[in-house]
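Okay, structure first, notes after.
Taken together, the values in this text are just the output of simple stated rules run on the coordinates, not laboratory data. Predicted model, so just to flag it, every value in this text is computed and none were measured. A quick note on method: Cβ atoms are made from the backbone with ideal geometry, for glycine too, and the neighbour counts reach across all protein chains shown.
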Amino acid sequence: MRTTININDKLLQSAELHAAKLHAAETNRTLTAVIEDALRLALEPKRVQALKRRVNLSAYGSGGLQLGVDLDDTSSLLVRMEGRS
């Protein structure tokens, strides 16, 4: 569907629009597609946006992360935690 929207002149001349155009070019998409994604994001429920937010977790304890540990392999993690390896 085609529609016309009015965008504030200052926004059209801003760094944000330049960044949006650059992002569109870098991702091989149109500016329209980038604007559509921004609209979808703005309309998402806040709960969904909060779930997508990146979280940095701190590691505590002695040793920190261990080499060779695959956090996606739960059986291997259990073996290590029980001291069988």
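Okay, here's what the table says:
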read-out	value
Environment charge of VAL34, counting only residues whose C-beta is closer than 15 Å and scoring Lys/Arg +1, Asp/Glu -1	-1
Proximal lysines relative to LYS10, as straight alpha-carbon distance under 19 Å, when same-chain residues fewer than 8 apart are discounted	LYS21
Using θ = phi - 60° and Karplus 6.51 cos²θ - 1.76 cosθ + 1.60, couplings along segment 69-83 (whole Hz; Gly, Pro as x)	8, 9, 5, 8, 9, 5, 5, 5, 5, 4, 4, 5, 5, 7, x
Segment SER76-ALA25, extension gain: residue separation times 0.36 nm, minus the distance between their alpha carbons	14.1 nm
HN-Hα J in Hz across segment 22-38 - Karplus 6.51, -1.76, 1.60, θ = phi - 60°, x for Gly and Pro	5, 4, 4, 5, 5, 9, 6, 10, 8, 4, 4, 5, 5, 5, 4, 4, 5
Cβ-Cβ FRET estimate between LEU39 and GLN13, R0 fixed at 30 Å, reported to 0.05	0.90
